[in-house]
Amino acid sequence: MNYFETDLTKLHEQLVNKEISAEELTKATLENIHATEPDVDAFISVNDEGALAQAKAVDAKGIDADNLFSGMPIAIKDNILTKNITTTAASKMLENFKPIFDATVMEKLNAKDIVMIGKTNMDEFAMGSTTETSYFKSTKNAWDHTKVPGGSSGGSAAAVASGEVIAALGSDTGGSIRQPASFNGIVGLKPTYGRVSRWGLIAFGSSLDQIGQFTRTVKDNAAVLSAIAGHDDRDQTSSAREVPDFTAGLTGDIKGMKIALPKEYLEEGVDEGVKTTILAAVEQFKALGATVEEVSLPHSKYGVAAYYIIGSSEASSNLQRFDGIRYGYRAQGAKNLDDLYIKSRSEGFGDEVKRRIMLGTFSLSAGTYDKFFKKAAQVRTLIIQDFENVFKDYDLIMGPTAPTVAFTLNDETKDPKAMYMNDVLTIPVNFAGLPGMSLNAGFSEGMPVGLQLIANKFDEATIYKAAYAFEQATELFKQVPGGQN
């Protein structure tokens, strides 16, 4: 199956017209995966037998002509619970964990008769920007196998970009969907906080986490969001707002749209090649009839520092359950209960996870709470107010997704501060709970450059409208790894 030359709509038509069965599509997808994995390593586990059984069941039931996802193979990030299928969060701590229930997003997709094709690699417990902190392996960039795919959802992004699958789910706490989408030249959307249920997502930072999706095209991305969004009684932070058909407004007409370009997003630290590509995208939006004006988000520069206090504090609380007794890996040879806790967590967690647990625990400790966590929370409020002020006058905010293109594997693994700066342009969006998308804006040094589009809360439709117009005008989605364009 050549996923570079098709989309969800065309595949669905083939299934409905019986040009291909769900079983044949699944077999072809598994062949893609097994042929590509030695180079990309996007999957932690491939659901060969289960996927074929699901596909046969869909064929026996019959393809639903009104259901775009009927019989469609989709990959899932390995921190989203899948009933009776190992879900590791890329950690030794959960190496053998089989959930007894599905996450809400899986219930929604299973109700649409998707085929769960496999679980994708990620940074351990979603902590990282390169997918190199995974306990199991490092995923490679789809365009250059010597470079990182971004993270933490690097496996999902690489699987879509390399043509292994048509769509994949990921999660985004500080940029974990948008940054790997940027590095791999595909479409990745972090929905508004509350748009998609987090029930069944292994928690990292509960006030920041959000499930979203990767696809090659904007229209496919909009269709997947329509399928997974909606209120969930089991997630008290999920919104009761009605979920629109996000594909309905994709006309290509953005005349009169007002777009803000924050000057801080193109300042020191952003590579010249990235700046040049984004400024060319600005001219493209102007040519399409939009107005683009410079604005300021003055407190965004404090976002990384505040994020690693708030996110780590929430992680230190969420991960306390993994102690070798209630959940997770249990060390051997412990002399008493305290020793069991210490040995299990020391051996079960990787270095990056332990670093953030210690940072978060320290930030929440008596004597340091006011100095660190309270200050970080105040910075978060200022960042939210910055966005509110801009959205009084503008429909969208645009800028780079990441300050650089994908870099070489192992370049930043020994320098946590350099690694953390990869998310400097995406973290403020999570703080404010806003929707944000990355799509390909062009190339620098032969690698994709991500364009980030940010909208006001629950206004994903405006992002899709603008992104679709840009995509159709540039046709950059036709450029794929390996020169098949």
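Between residue 39 and residue 366, what is the FRET efficiency for a Förster distance of 41 Å, r being their Cβ-Cβ separation, to the nearest 0.05?
0.20
Accessible area of the chain with a 1.4 Å probe: how many percent of it is carbon plus sulfur?
49
In nm, to one decimal, how far is the residue 110 label point from the residue 2 one, both placed 7 Å along Cα→Cβ?
Label at residue 110, label at residue 2, 3.6 nm between them.
Short version: what are the Cα gyration tensor semi-axes of the stretch 55-98, square root of 5 times each eigenvalue, largest first, in whole Å?
Ellipsoid half-lengths, sorted descending, are 30, 11, 6 Å.
Normalising by the residue count of the stretch 8-255, find the relative contact order in percent from Cα pairs under 8 Å and 6+ residues apart.
17
Quick check on the stretch 144-261: take the gyration tensor over C-alpha atoms, sort the square-rooted eigenvalues as a ≥ b ≥ c, and tell me if it's rounded (a/c under 1.5), prolate or oblate.
Here the stretch 144-261 falls in the oblate category.
First measure r as the distance between the Cβ atoms of residue 375 and residue 9, then evaluate 1/(1 + (r/R0)^6) with R0 = 41 Å and state the FRET efficiency to the nearest 0.05.
It comes out at approximately 0.25.
With a 1.4 Å probe and all protein chains kept in place, how do 308, 135, 341, 468 rank by accessible area, largest first?
Largest to smallest exposure gives the sequence 135, 341, 468, 308.
What GluC sites (Glu not before Pro) does the stretch 381-452 have in DSSP loop regions with at most 16 other beta carbons within 10 Å?
For GluC sites (Glu not before Pro) across the stretch 381-452 that sit outside H, G, I, E and B with at most 16 neighbouring Cβ atoms in 10 Å, the list reads 445.
Starting from the Cα-Cα distance between residue 392 and residue 60, subtract it from 0.36 nm times their residue separation and give me the gain in nm to one decimal.
114.3 nm
Please get the size of the charge dipole for the chain, origin at its Cα centre, with Cβ charges of +1 on Lys and Arg and -1 on Asp and Glu, quoted in debye to the nearest 20.
That gives the chain a dipole magnitude of about 1240 debye.
Once the Cα gyration tensor of the stretch 8-255 is diagonalised, what are the square roots of 5 times its eigenvalues, in whole Å and ordered largest first, as equivalent ellipsoid semi-axes?
So the equivalent ellipsoid measures 24, 21, 19 Å along its semi-axes.
Determine the shape class of the stretch 385-454: with a ≥ b ≥ c the square roots of the Cα gyration tensor eigenvalues, call it rounded for a/c under 1.5, and otherwise prolate if a/b is greater than b/c, oblate otherwise.
It is oblate, given that a/c is not under 1.5 and a/b is not larger than b/c.
So for the stretch 8-255: antiparallel DSSP bridges make up what percent, rounded to the nearest 5?
Taking every DSSP beta bridge with both residues in the stretch 8-255, the antiparallel ones total about 65 percent.
How much area per residue is accessible in the stretch 8-255 when the probe is 1.4 Å and only protein heavy atoms are counted (Å²)?
With all protein chains present, the stretch 8-255 gives 31 Å² per residue.
Do any GluC sites (Glu not before Pro) in the stretch 238-298 lie in a loop, going by DSSP, with at most 10 other beta-carbon atoms within 10 Å of their beta carbon, and if so which?
Answer by residue number: 242, 268.
What is the local net charge at residue 31, summed over the other residues whose Cβ is closer than 12 Å to its Cβ (Lys, Arg +1; Asp, Glu -1)?
Spelling it out: positives minus negatives among the neighbours equals -3.
Which order do 359, 288, 425 take when ranked by solvent-accessible area (1.4 Å probe, heavy atoms of all protein chains), largest first?
359, 288, 425
Relative contact order of the chain, please, whole-number percent, based on alpha carbon pairs below 8 angstrom and at least 6 residues apart.
So the answer I get is 17 percent.
Taking K and R as +1 and D and E as -1, what net charge do the other residues with C-beta under 14 Å from the C-beta of residue 10 add up to?
Around residue 10, the charge tally is -3.
I'd like the Karplus ³J(HN,Hα) series for the stretch 13-19: coefficients 6.51, -1.76, 1.60, θ = phi - 60°, whole numbers in Hz, and an x wherever there's a Gly or Pro.
After applying 6.51 cos²θ - 1.76 cosθ + 1.60, I find 4, 5, 5, 5, 7, 6, 6 Hz.
Just to confirm, what accessible area per residue do you get for the stretch 267-422 at 1.4 Å probe, in whole Å²?
53
Using DSSP to define loop residues, name the trypsin sites (Lys or Arg not before Pro) in the stretch 378-417 whose beta-carbon has at most 13 other beta-carbon atoms within 10 Å.
Passing sites in the stretch 378-417 are 392, 414.
Rolling a 1.4 angstrom probe over the protein chains, ignoring ligands and nucleic acids, what is the accessible area of residue 143 in square angstrom, nearest 10?
Probe radius 1.4 Å; accessible area of residue 143 about 60 Å².
Which label marks the calculated value of Rg/Rh (Cα atoms, Kirkwood Rh), given the options (i) 1.01; (ii) 1.04; (iii) 0.95?
(iii)
The values are calculated or read from the model by the stated rules, or taken from the named source; none is laboratory data. Bear in mind that the values here come from a model prediction, so they are computed numbers and not experimental data. Note that each Cβ is placed from the backbone with ideal geometry, even for glycine, and that neighbours are counted across all protein chains shown. Only protein heavy atoms, including side chains, enter the accessible area calculation; ligands, DNA and RNA are left aside. Shrake-Rupley method; radii C 1.70, N 1.55, O 1.52, S 1.80 Å.
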